[in-house]
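The values are calculated or read from the model by the stated rules, or taken from the named source; none is laboratory data. The structure displayed is predicted, hence computed values, not measured ones. All Cβ positions, glycine included, derive from the backbone under ideal geometry; neighbour counts span all protein chains shown.
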Amino acid sequence: MTIERPEDRFGDRDETLADGPVEPAPDAARPWLTEQRCVHGLLRALHTADAAAREARVQAVLAKIAAPRYRVLARLPGLAAAAALVALGVYLAWPDPDRLPRAEAMVSRALHALEEPIDRDFTLHVDVERGERHIEREWAITIRPGRRFLVEGESPFGRFRAGCDGELVWFQPMPGIRGMDVPLAEARRLTERFGEVLDLGYLDLDALLRRLPQDTELRCVGREGPGIRVEAIGTVNLPHLALRSISMLVDDRSGMLSEVRAVATGAGRSGEVEARLFYRHVGDRELGEGAYERPW
Amino acid sequence: MDPRDLFEILVREHSGMLRAFLLSAVRDPGTVEDLFQETFLVAWRNLHRYDRQLPFGPWVRGIATKLMLNWRRRLGRQKVTFCAEQDLQLLDRTFERMQTLPGDTFDEKLDVLRACMTSLTGAQREAIALHYEHGLHCKEIAERLGISFEAVKKHLQRGRAALFRCMQGSLPPDVLPSPAWQGGMS
């Protein structure tokens, strides 16, 4: 005799494994579907439980409740008392409106802003010191969530373009020709061939920001116009360079990075190389994900 | 003490389980993140309504449930695939029991789930790893393992049922069985 199991009877009503909505489940299926859903949620949480993302989530919540709209609510009658009850009677003080926000919260807000599905344009000024030589470069950088970025600038061969569509990193030394590409995981093979100061570690701003709370000590040092200056004390080791003296200006209203300054150092082919990087946010566009694909 | 500091403690303590609850009911990861943020913001705005005699976890899950239903109405089921409305209450009660798993932090509670993976058959463990750890769809798993789509679904469903039973076995004896067992279906 064959025993019919719940998955045989109700398996098709399991939305967690379906491509879209399924037929409504009968009442008899609900307990089984509930246990399936519960474990499904726990397994998803288990495999996306990295500490950096968890901290960014918490900081994003804290940054939002610090915003004026929510701070006003802390003055509503009753809330202070209720919050005190939550804290088992601890006295509550009003937040100081002139106090600087937490540096981690500002980084978290910047990350949150970069997660919006639009294309952010930056200029990246690179100032390289190599022994007696001094070289300056300026590149146009566009980034989009999902490890997508474009880099454009002048090279000895003409105007080059490079980019990443989230999976493939490509380089086109001049317009109209077929360039080179490698999977993202092997990007170093490509970048090493194009100078000693090009490192995907700082082109991927999103990934760089995620590392800051772990790799550095963050602090807010003051207000500059509509922005708040955040400094990261410590070193972030990138694939072949090390970043230090990282200083960011984060717009207090939008959370967007207005500028990033850093010093990148590393061992070049002809000795120690030091580059000063200066990112400046110049605007936003709607290019779409297709713009980041290899042009050939 | 700043009320935000107090609230931060609650957010940190409950963020893991709340996120798992949302992940169990909403497919789209972006929507889960939005709902997670919105849930805590609504909790902050309504903190004066929270009854301190009751645990905080079910209260925020209640907020999350209402927000999920609002999103569902706003975006339509086709776009984001939400858990059916009548199932959310059952799910909430099941998560309430999961909250009593051994461990002070959510990570420690997940250790129970990790340990329970050893109770699975090889095929179940492989299907679960490919689906949840490597993000493969059932069709891709079927191709990789050379088995049918339906067989992959069965491995996943039976594996999840086994994990649920195993975790239930780790609950303190005074915790009532989940509604999922009351019909004796597992």
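Kindly indicate whether B:ASP28 is more than 9 Å from chain A (Cβ to nearest Cβ), at pLDDT below 90 and closer than 23 Å to B:LEU110 by Cα. So that I can check it myself, show each step before the final result.
Working: more than 9 Å from chain A (Cβ to nearest Cβ): yes; at pLDDT below 90: yes; closer than 23 Å to B:LEU110 by Cα: yes.
Spelling it out, B:ASP28 is indeed more than 9 Å from chain A (Cβ to nearest Cβ), at pLDDT below 90 and closer than 23 Å to B:LEU110 by Cα.
Limited to the range A:29-48, what total is found for residues that are more than 7 Å from chain B (Cβ to nearest Cβ) and either touching a residue at least 12 places away in the same chain (Cβ under 8 Å) or of a type in the set (A, V, I, L, M) (or both)? Show your work before the answer.
Taking the range A:29-48 as the starting set, the residues that turn out to be more than 7 Å from chain B (Cβ to nearest Cβ) are A:29, A:48.
Cutting the leftovers down to either touching a residue at least 12 places away in the same chain (Cβ under 8 Å) or of a type in the set (A, V, I, L, M) (or both) gives us A:29.
Adding up the residues that qualify gives 1.
Report those helices (runs of 4 or more DSSP H) wholly inside the range B:36-118 carrying at least 2 residues which are touching a helix residue (DSSP H, G or I) at 6+ places or on another chain (Cβ under 6 Å) and either within 12 Å of another protein chain (Cβ to nearest Cβ) or within 20 Å of B:ALA161 (Cβ to Cβ) (or both). Quick ask: steps written out before the conclusion?
Values: elements: B:56-75, B:77-80, B:85-98, B:106-116.
The helices (runs of 4 or more DSSP H) meeting that bar are B:56-75, B:85-98, B:106-116.
Just give me the residues in the range B:21-35 being touching a strand residue (DSSP E or B) at 6+ places or on another chain (Cβ under 7 Å), assigned to a helix (DSSP H, G or I) and touching a residue at least 40 places away in the same chain (Cβ under 8 Å), in sequence order. Break it down stepwise before answering.
The initial filter retains those residues of the range B:21-35 that are touching a strand residue (DSSP E or B) at 6+ places or on another chain (Cβ under 7 Å), namely B:25-26, B:32, B:35.
Next, from what is left, pick out any that are assigned to a helix (DSSP H, G or I): B:25, B:32, B:35.
Across the range B:21-35, the qualifying residue is only B:ALA25.
Report yes if some residue within the range B:131-139 is of a type in the set (D, E, K, R) and surrounded by fewer than 15 Cβ atoms within 10 Å (Cβ to Cβ); otherwise report no. Give the steps one after another, and end with the answer.
Residues of the range B:131-139 of a type in the set (D, E, K, R): B:133, B:139.
Among the residues that remain, those that are also surrounded by fewer than 15 Cβ atoms within 10 Å (Cβ to Cβ) are: B:133, B:139.
There is at least one residue in the range B:131-139 that is of a type in the set (D, E, K, R) and surrounded by fewer than 15 Cβ atoms within 10 Å (Cβ to Cβ).
Starting from the range B:9-20, keep only residues that are touching a residue at least 60 places away in the same chain (Cβ under 8 Å), then list their pairs with residues that are of a type outside the set (Val, Ile, Thr) and not in a helix (DSSP H, G or I) whose Cβ atoms are within a distance under 8 Å, requiring at least 6 positions of separation or different chains.
The qualifying pairs are B:GLY16/A:ALA49; B:MET17/B:GLN99.
Assess whether B:GLY184 counts as being under 21 Å from A:ARG9 (Cα atoms), at pLDDT below 85 and not in a helix (DSSP H, G or I). Don't jump to the end; show me each part of the working.
Details: under 21 Å from A:ARG9 (Cα atoms): yes; at pLDDT below 85: yes; not in a helix (DSSP H, G or I): yes.
Yes, satisfied.
Among all residue pairs at least 6 apart or on different chains, which show Cβ distances below 8 Å where the first residue, located in the range B:142-158, is free of Cβ contacts under 8 Å to residues at least 12 places away in the same chain and the second is assigned to a helix (DSSP H, G or I) and among the basic types (Lys, Arg)?
B:PHE149/B:LYS139
Just name the residue that is modelled with the lowest pLDDT out of those in the range B:70-90 that are touching a strand residue (DSSP E or B) at 6+ places or on another chain (Cβ under 8 Å) and surrounded by fewer than 22 Cβ atoms within 10 Å (Cβ to Cβ). Before you say what the answer is, go through the steps one by one.
Of all residues in the range B:70-90, those touching a strand residue (DSSP E or B) at 6+ places or on another chain (Cβ under 8 Å) come to B:71-72, B:80-83.
Still in the running and surrounded by fewer than 22 Cβ atoms within 10 Å (Cβ to Cβ): B:71-72, B:80-81.
Working: B:TRP71: 81, B:ARG72: 77, B:VAL80: 52, B:THR81: 60.
Ranking the qualifying residues of the range B:70-90, first place goes to B:VAL80.
For the range B:39-53, what are the residues that are modelled with pLDDT under 90 and surrounded by fewer than 20 Cβ atoms within 10 Å (Cβ to Cβ)?
Passing the criteria: B:ARG45, B:ASN46, B:HIS48, B:ARG49, B:TYR50, B:ASP51, B:ARG52, B:GLN53.
Return yes or no: is A:ALA262 assigned to a helix (DSSP H, G or I), surrounded by 14 or more Cβ atoms within 10 Å (Cβ to Cβ) and more than 16 Å from the chain's Cα centre (by Cα)? Before you say what the answer is, go through the steps one by one.
Values: assigned to a helix (DSSP H, G or I): no; surrounded by 14 or more Cβ atoms within 10 Å (Cβ to Cβ): yes; more than 16 Å from the chain's Cα centre (by Cα): yes.
No; evaluated as a whole, the condition is false for this residue.
Out of A:ALA53, A:ALA103, report the one residue that is buried (at least 19 other Cβ atoms within 10 Å of the Cβ), at pLDDT below 85, of a type outside the set (Asp, Glu) and closer than 30 Å to A:GLY266 by Cα.
Only one candidate passes the filter, namely A:ALA103.
For the condition surrounded by fewer than 20 Cβ atoms within 10 Å (Cβ to Cβ), in contact (Cβ under 8 Å) with a residue 12 or more places away in the chain, not in a loop (DSSP other than H, G, I, E, B) and not charged (D, E, K, R), what is the one hit in A:SER254, A:SER245? Walk me through it before giving the result.
Numbers: A:SER254 fails: not in a loop (DSSP other than H, G, I, E, B).
Only one candidate qualifies: A:SER245.
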